[in-house]
Amino acid sequence: MEIKHARFLVSNTDVLKCPRPDKPEFAFIGRSNVGKSSLINMLTISKSLAKISEKPGKTRLINHFLINESWYLVDLPGYGYAKVPKSEREKWEHSFRTYILQRTNLRCLFVLIDIRHPALEPDLEFLRWTGEHQVPFAIVFTKSDKLKAEVVEPAVAEYQKVLSEIFEPLPPLFVTSSMHSTGRKEILDYIGKIASQKHK
Ligand code: GDP
């Protein structure tokens, strides 16, 4: 699939105010600094699309983009922001978790993991939660260019071992580098495939 048009639609905290769930939706989430904005910009070949959701106040919101007039890309707030007061963090965690559970057109939640970091508890906790609630998800390893080529595969294999203790079967998995556009075609083809499938 190629991206021909991408435009920002709306930011929300409330799942009920999101655009009508009349198109397949694909959301991206990850710890702060994992490379989420870079990945969204790389996928949409935009230097600034995800910048919109980086504007003050918007990083904590559910940001909808319309792609090719046919599917929604959603930039979700990150989890694990140590610097934010707990009460505030809990408020926006509640908002994106409600979104994830209630959004009927969500076809896949892409959970971003920095490939350099071994299985971190906040990621595992979040992944267990998605599993418990049967949220369709895939794992996207980011910043693969930061590892030497020969250690990428062992790093992925190591993570798969950890995941296999939680998930059976293993979720789909993508290795990406926003710097080199690695994994772009794979993710977009996956989105194209899932979007064209009939939804239950
Ligand atoms: P976000 O907070 O998850 O949206 O993360 P950003 O996209 O802002 O990226 C955080 C930092 O990691 C920035 O300094 C980016 O330049 C860097 N970064 C993101 N993706 C990559 C990548 O694929 N390769 C490299 N080398 N750096 C990256």
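So if I place +1 on the C-beta of Lys and Arg and -1 on the C-beta of Asp and Glu, and nothing else carries charge, what would the dipole magnitude of the stretch 117-163 be about its Cα centre? I want it in debye, nearest 20.
I would put it at about 100 debye.
With every protein chain kept in place and ligands, DNA and RNA left out, what is the accessible area per residue of the chain? Probe 1.4 Å, answer in Å².
Result: 52 Å² of accessible area for each residue.
Of Lys4/Lys198; Lys36/Lys193; Lys23/Lys193; Lys4/Lys47; Lys23/Lys198; Lys83/Lys146, which sit over 18 Å apart, Cα to Cα?
Exceeds cut-off: Lys4/Lys198; Lys36/Lys193; Lys83/Lys146.
Which one of Gly183, Gly30, Gly80 has the biggest mean-square fluctuation once the chain is modelled by GNM with Cα springs under 10 Å?
So, out of Gly183, Gly30, Gly80, the one fluctuating most is Gly80.
Could you calculate the FRET efficiency of Glu125 with Lys4 from 1/(1 + (r/R0)^6), where r is the beta carbon distance between them and R0 is 30 Å, rounded to 0.05?
After rounding to 0.05, the efficiency reads 0.20.
Which helices of the chain meet both criteria: a Cα extent of 15 Å or more along the helical axis and a mean Kyte-Doolittle score no lower than -0.5, with helices taken as whole DSSP H segments?
Both cut-offs are met by 149-164, 184-196.
Sequence gap at least 6, Cα distance under 8 Å: using those rules, report the relative contact order of the stretch 3-128 to the nearest whole percent.
Numbers: 196 pairs, mean separation 47.8, N = 126.
Relative contact order for the stretch 3-128 comes out at 38 percent.
So, with a 1.4 angstrom probe, what is the percent of accessible area on the chain that is carbon and sulfur?
In the chain, the share of accessible area belonging to carbon and sulfur is 53 percent.
Dipole magnitude of the chain about its Cα centre, charges +1 at Lys/Arg Cβ and -1 at Asp/Glu Cβ only, in debye to the nearest 20?
740
Leaving out ligands, DNA and RNA but keeping every protein chain, what accessible area does Ser48 have, in Å² rounded to the nearest 10, with a 1.4 Å probe?
Counting only protein heavy atoms, Ser48 exposes about 60 Å² to solvent.
Quote the FRET efficiency, to the nearest 0.05, computed for Ser32 versus Lys198 with a Förster distance R0 of 41 Å and r equal to the Cβ-Cβ distance.
Values: r = 36 Å, r/R0 = 0.88.
Step by step, r from the Cβ atoms, then E = 0.70.
The values are calculated or read from the model by the stated rules, or taken from the named source; none is laboratory data. Fair warning: this is a prediction, and the values are worked out from it, not measured in the lab. Don't worry about glycine lacking a Cβ; one is built from the backbone with ideal geometry, like all the others, and counts go over all protein chains shown. For accessibility, only protein heavy atoms count, side chains too; no ligands or nucleic acids. Shrake-Rupley method; radii C 1.70, N 1.55, O 1.52, S 1.80 Å.
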